[in-house]
1. Which residue, Leu67, Gln15, Leu25, has the largest displacement toward the positive end of the dipole of region 8-92 when charges sit on each Cβ (Lys, Arg +1; Asp, Glu -1)?
2. Please state the relative contact order of region 1-107 as a whole percent: Cα pairs under 8 Å, 6+ residues apart?
3. What order, most packed first, do the peptides 173-184, 234-245, 285-296 have when packing is the mean number of other Cβ atoms within 10 Å of each residue?
4. Could you pull out the pairs from Lys147/Lys288; Lys237/Lys288; Lys255/Lys288 whose alpha carbons sit more than 19 Å apart here?
5. Which entries in the list Lys152/Lys197; Lys246/Lys276; Lys152/Lys264 go over 19 Å, if you measure between the two C-alpha atoms of each?
6. Which value, in Å to one decimal place, does the Kirkwood hydrodynamic radius take for the chain when every pair of different Cα atoms is included?
7. Placing unit charges on C-beta atoms (Lys and Arg positive, Asp and Glu negative, everything else neutral), compute the dipole magnitude of region 9-70 about its Cα centre in debye, rounded to 20.
8. For region 30-126, report the % of Cα-Cα distances exceeding 18 Å.
Amino acid sequence: MIHGGAGTLDNVKDQKTAVRYLESLRRVLEHGREVMQLGGSALQAVEACASLLEDDPLFNAGYGSVLNEDGKVEMDAAIMDGRDVSAGAVAAIDAIANPIQLARLVLSESEHVMLIGEGALRFADHCGMPRALETYFYTPERIEQLKQAKRKHKLMLDHDDAEEDSEDQKYGTIGAIARDPQGNLAAATSTGGIVNKRIGRVGDSPLVGAGVYADNETCAASATGYGEDFMRTVISKTISDFIYMKEMNANQATKAGIDYLIRKVKGRGGLIVIDKHGNCASGFTTKKMIHGWIEQGGVTNVRF
Ligand code: ASP
């Protein structure tokens with residue numbers, strides 16, 4: 001399963017852009033299928049799929065990352081292996097084209113779970129990962145979007161209408177989760193965060209249990225939306241706990257998780273979930289969530 005963000009996507013109104021989203025999702029899903037058909041693990045599949053999504057400027061991660069209040073990118077990413085609940089994460093980084101690949105190196109090559117900012121970049125150098133040019137990330141769309149967000153921020157303060165504000169926001173984070181034929185689960189989430197965010201703000205995406213989770217005994221999950229809501233509800237781990245303690249399947253646990261998210265914090269966003277049996281589920285509180293799935297090796301489905 002993959003997602004490309006929750007929320008209203010005003011720019012999908014024209015047919016051509018809509019087709020681009022659909023094509024991208026299909027291409028990434030088929031790539032994930034191929035990785036596992038060739039014997040790749042769930043972990044390899046989610047890293048490969050997340051990398052492709054990071055390379056696509058349609059999505060808010062890697063190349064297409066949104067800009068913070070200073071007009072800079074600060075990206076977060078995490079990857080988790082359900083075999084032994086090992087995890088790697090990076091937060092508040094720039095200069096790396098594929099943060100998910102750096103997160104994977106943190107998982108496999110360091111004794112830590114999360115590295116941030118300058119330390120994460122130093123670790124990337126140590127691993128021989130090249131740095132991207134600063135200009136790599138500044139697409140004209142993101143510069144314009146930041147300008148709009150700054151303008152709307154003033155309006156938002158005047159209106160003080162949370163409902164209206166949330167409709168304006170776009171959460172374009174990407175995520176990939178998989179179960180391989182051996183029954184291993186893995187999850188990856190990567191993001192540029194939220195447009196016009198404060199410098200140093202870290203969201204849910206790189207946090208184990210919030211924006212990402214994988215445990216072979218329960219499920220793999222990846223979230224997208226207003227990160228602060230997911231951090232406070234530890235939503236991905238909560239869904240995993242529903243499966244572990246209440247013996248729910250992916251659908252039941254996702255629904256219970258979304259109910260909890262709404263009841264506790266009126267959370268904005270959604271999740272994709274695959275349970276240990278390979279059942280796929282999704283849930284969201286926003287109008288839409290861009291996502292797609294291949295269940296039990298069957299047909300490719302995409303929604304947005
Ligand atoms: N969850 C991300 C964050 O809060 C944003 C998103 O999903 O687009 O950083």
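1. Value computed over the given set: Gln15.
2. That works out to 19 percent.
3. Packing proxy ranking, top to bottom: 173-184, 234-245, 285-296.
4. On the way: Lys147/Lys288 24 Å; Lys237/Lys288 23 Å; Lys255/Lys288 16 Å.
Violating the 19 Å limit, Cα to Cα: Lys147/Lys288; Lys237/Lys288.
5. Listed pairs above 19 Å: Lys152/Lys264.
6. On the way: mean 1/r = 0.0536 Å⁻¹.
Value: 18.7 Å, from the Cα pair sum.
7. Details: 6 positive and 11 negative charges, 76 e Å.
The calculation lands at about 360 debye.
8. Result: 47 percent of Cα pairs exceed 18 Å.
Bear in mind these aren't lab numbers, they're just calculated from the coordinates by the rules spelled out. It should be emphasised that the depicted structure is a prediction, and the values quoted were computed from it without experimental measurement. Every residue, glycine as well, gets a Cβ built from its backbone with ideal geometry; the counts of neighbours run over all protein chains shown.
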